[in-house]
Amino acid sequence: MVHTQFPSLVCSVMLIILGAHVQNNEAAFRIVPTRLQLLEQESVSFHCEGLDGSTQLRGIRDARDFISTCSERTPVLYCTIKRAYSRDSGDYWCEADGGERSHSFTISVNAGSVILESPVLPVREGSAVTLSCRNKTTTSSILSADFYKDGRYIRSSSTGNITIQRASKSDEGLYKCSISDGGESPESWLAVRAVHRETCPSSDHSLHVLLFLRTVFTVVMVALLLLLVGLLHCGKLRVTQK
């Protein structure tokens, strides 16, 4: 019986370890921008997440230098580019005093008139995702736009928005949009985070297995203890008889 139940226990333990690993990844040292694309002279802000008390931040930077307009160094550091220009396009990351770097985000500042608004952080698999094409020259809700993924046309929209109803890993990629007589947006990466589904037995069943194994372990340990006491007692009797 122990042999048949053991795989269930192993599976439960692996789920616990996997869950802890995912939580640690989600809490990792990372940078979060307010947007991925913007038009010239618009603002963008950044902050760092997942810092522990021992991490001292130097700041948020790109390939050239640190952003100068930042809040005081606290567990959460905020930095802002108040008026961005195309030269501010590039990768941005958080950097600690010890040289530790977070992952980076690519920010695109378009000198033209069209940008794509997309989720900054990875979206959960199975959730709905909306991509919006924005033209600075018009505020009309009727905005015909074409959308592209990895350089290939996928669909058009008369509202300037498209929605992926149930996102999957196959939807990951570089997206952009274009508007007739308005131009084309830069590309931005859409990331989809996989949901780890439980393929092991139910938690109630696993709990019963764990309790059973604990009982077996206790019985075996008691038997070994009694055996040890018996051997010691026999040894004392032999010494006494001699």
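The values are calculated or read from the model by the stated rules, or taken from the named source; none is laboratory data. Keep in mind the model is a prediction, meaning the values are calculated, not measured. Don't worry about glycine lacking a Cβ; one is built from the backbone with ideal geometry, like all the others, and counts go over all protein chains shown. Each accessible area value is taken on the protein alone, full model and side chains, heavy atoms only, with ligands, DNA and RNA left out. Shrake-Rupley method; radii C 1.70, N 1.55, O 1.52, S 1.80 Å.
Rank these by accessible area, largest first, 1.4 Å probe: S170, S156. Let's see the in-between values first.
Working: S170 85, S156 60 Å².
Largest accessible area first, the residues go S170, S156.
Among 159-169, 31-41, 214-224, sorting by the average number of other beta carbon atoms lying within 10 angstrom of each residue, highest first, gives 31-41, 159-169, 214-224.
A 1.4 Å probe, protein heavy atoms only, puts the accessible area of R64 near 140 Å². Extending 7 Å from Cα along the Cβ direction at V216 and again at D91 yields two label points whose distance is 5.1 nm.
Provide the gained length on full extension for the span A128 to D150, in nm with one decimal, where the gain is 0.36 nm per separating residue minus the Cα-Cα distance.
5.9 nm
For the range 82-168, the Kirkwood hydrodynamic radius comes to 15.5 Å, computed from all pairs of different C-alpha atoms.
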